[in-house]
2 protein chains.
Amino acid sequence: MDSQENQQNSAMHVMGGLKSTHDGMGQTSRKQFRRSHKKEISVDDFSREIRQGSRLHLAKAITLLESTVLEDKRTGQQLLQELLPYTGKSIRIGITGVPGAGKSTFIEAFGKYLCDQGFKVAVLAIDPSSSLSGGSILGDKTRMEELVRHENAFIRPSPSAGTLGGVHKKTRETMLLCEAAGYDVILIETVGVGQSETIVRGMVDFFMLLVLTGAGDELQGMKKGIMELADLLIVHKADGDNAKVAKKTVAEYEQILHFLQPASPGWTTKAMPVSSTEKMGIREVWEVIGSFKESLIDSGVYGERRQSQTKEWFHTMIMDRLMDEFYGTPDTKSQVKLLEKEILQGDLTVSNAVEHLFTNTKKT
Amino acid sequence: MDSQENQQNSAMHVMGGLKSTHDGMGQTSRKQFRRSHKKEISVDDFSREIRQGSRLHLAKAITLLESTVLEDKRTGQQLLQELLPYTGKSIRIGITGVPGAGKSTFIEAFGKYLCDQGFKVAVLAIDPSSSLSGGSILGDKTRMEELVRHENAFIRPSPSAGTLGGVHKKTRETMLLCEAAGYDVILIETVGVGQSETIVRGMVDFFMLLVLTGAGDELQGMKKGIMELADLLIVHKADGDNAKVAKKTVAEYEQILHFLQPASPGWTTKAMPVSSTEKMGIREVWEVIGSFKESLIDSGVYGERRQSQTKEWFHTMIMDRLMDEFYGTPDTKSQVKLLEKEILQGDLTVSNAVEHLFTNTKKT
């Protein structure tokens, strides 16, 4: 590969298969990528393209991290390693809400508002049932149509397959890549019905929950404890005739919030009405986030939380790896099933089963 | 050892060290215990004593399970294995509340009420800060004085040392022993400020939360999401002048509960006023538990929950064991610390750190 080739490389060229010729850690120079199955570009060049804002390179890098091909994954990790010094500068925002709360409408309005202010906005989704990845019942093709076309926006649906832990990992890494690519605001969308809110809460600075008017009924479909994860409660669709009811709902939620512990130390979780169609409350949401950030940076909570989030991510990944390795062998799997059956029949104590399992596993 | 010795064995004799001469699983006959460092009784005899209601044998068996001596632990497990067919017949009740809510006063009143009805009641505590294990600020020596002396009651404080997971395991096993010893009601006490409520919720059928009047202020010290674990909310100390306020607090809580998902499928979490000193509401609590049990047995939730609790316990113990083994080596520990530092400094990606860790661990 010569320098001319290096200069030539464009987004179009890297869409083909990629190949790394090195796999050591921290070796960042002269790693070669196959280009169009023939030509190659280096990790250095690739990472520079991302930092300079090439969306195609960013998208390709995310695909590498999501890949199940070992070599691609490695290349992705090398890239991420290279880009690590450029990460961490965005505000990371989690958004959840029950189906029907209008998450995509809100994200479109909120994202567009931010883009128009000159911010670069990345929208990621963490679970396959999110509106981004087409989980909508209506299959609404117009969702986020405007935001998608905005030059300051980057939208990436969730990887469609894999365990929650895996998706979690990929979303975190995608977030870091987006930060290195200069995105100022990362919006991570999740559906408020599963396990993913806790995971998203564990990777964002600010978490907001979209609800509808008529608190009681609407909350029925909401996961336990989800309100206690939120830094902001948005009573959405506060438009037209609904505006008045929304105000009442806000007051009701304020009352409930009074009884709950705040999600972030030193911050009082607020509730406010928003209309995405009438563009009402959008600016206020951004202002709330601004004062949240300021106050938590002052108290030191902001930085501490990021550090402990990263630490926890590390230890969760260690645990996942241990579990994968343990349950990964067909022999262990069938043994566990067998022991589980004996336990449930009342034939075996749990302690004895574990003892048995580990004694046998050690021997093989 | 001869049969005469077997017949002789009494509670006093087994308080010394114990020794098992077998360690295989499921071998229950002819296992020998050293008695007073000389004489021995068999697991069979020991388990029969427990089933016949010997409190001293029960206490000793719990001590064996809690022991850090491998041989004692093994003997304890053999006993538990032997007693397994006799477990599961009690109603398992978790009790939590903020400090000052009057948990021990309530447990004394509630426990005594049950004992007087002819039920055998075991009271266990899951964490060292509980009132049972003397975590009281006042060091109140009169706590549960009456209940302690009741012939139908068995009270066992939490093991004072060990990890939460360890204490969890021991409390579960103690519960099973108590069931084999014929206890009809198991009350498991925990303090409403830590991680232990979730763990207790994971081992009981019914969970109740003690609160005080003046919901808002009082809840401040309460853990997030704890209300959503409860099947019953008791507004305690509803006596004298407080009775009226308690009624208002009950109404306030009912309103909050309306917005939360019930802790048990098909059951609506209730709030009610109770005075332990005036013995008001005690019978009603027991009636609520009765209708809870009936309704959940009818719907099948009762049995399903027990099964999934046991399964989860098994898998949690597997995970704990894996973690212990992994973090147990000093080499891994220091490596993790080192990598953690590099990650937090932004020098290393989490994925690369994990990769590095497992590659190195495998080699050693």
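The values are calculated or read from the model by the stated rules, or taken from the named source; none is laboratory data. Given the structure is predicted, the values throughout are model-derived calculations rather than measurements. Cβ coordinates were reconstructed from backbone atoms using ideal geometry, including for glycine residues, and neighbour counts include every protein chain displayed.
Data for the structure
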quantity: Among the candidates B:Leu64, B:Leu83, residue that is part of a helix (DSSP H, G or I) and within 30 Å of B:Val285 (Cβ to Cβ); calculated: B:Leu83
quantity: Which listed residue is at the interface with chain B (Cβ under 10 Å from one of its Cβ atoms) and surrounded by fewer than 16 Cβ atoms within 10 Å (Cβ to Cβ), from A:Lys248, A:Lys311, A:Lys293; calculated: A:Lys311
quantity: A:Leu233 in contact (Cβ under 8 Å) with a residue 60 or more places away in the chain and among the aliphatic types (A, V, I, L, M); calculated: no
quantity: B:Glu304 assigned to a helix (DSSP H, G or I) and within 14 Å of chain A (Cβ to nearest Cβ); calculated: yes
quantity: Scope the range A:336-346; condition surrounded by fewer than 17 Cβ atoms within 10 Å (Cβ to Cβ) and either at the interface with another protein chain (Cβ under 7 Å from one of its Cβ atoms) or of a type in the set (S, T, N, Q) (or both); matching residues; calculated: A:Leu344, A:Gln345, A:Gly346
quantity: Hits in the range A:293-312 - residues which are polar (S, T, N, Q) and in contact (Cβ under 8 Å) with a residue 24 or more places away in the chain; calculated: A:Ser295, A:Ser299, A:Gln309
quantity: Residue that is surrounded by the most Cβ atoms within 10 Å (Cβ to Cβ) [pool: residues in the range B:226-245 that are away from chain A (no Cβ under 14 Å) and under 23 Å from the mean Cα position of the chain (by Cα)]; calculated: B:Ile234
quantity: Given (1) within 14 Å of chain B (Cβ to nearest Cβ); (2) buried (at least 19 other Cβ atoms within 10 Å of the Cβ), index of the condition A:Lys73 fails; calculated: (2)
quantity: Flag for B:Ala271 being part of a strand (DSSP E or B), of a type in the set (A, V, I, L, M, F, W, C) and assigned by TED's automatic domain parsing to the domain that holds B:Gly202; calculated: yes
quantity: Unique match (being out of contact with any helix residue (DSSP H, G or I) (no Cβ under 8 Å at 6 or more places or on another chain), under 19 Å from B:Ala101 (Cα atoms) and at pLDDT 95 or above) among B:Glu304, B:Glu294, B:Glu284, B:Glu254; calculated: B:Glu284
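Each row is one residue, and each column tells you yes or no for (1) touching a residue at least 12 places away in the same chain (Cβ under 8 Å); (2) assigned to a strand (DSSP E or B); (3) not assigned by TED's automatic domain parsing to the domain that holds A:Glu173.
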| residue | (1), (2), (3) |
| --- | --- |
| A:Thr277 | yes, no, no |
| A:Glu287 | no, no, no |
| A:Phe314 | no, no, yes |
| A:Thr332 | yes, no, yes |
| A:Gln335 | yes, no, yes |
| A:Leu339 | yes, no, yes |
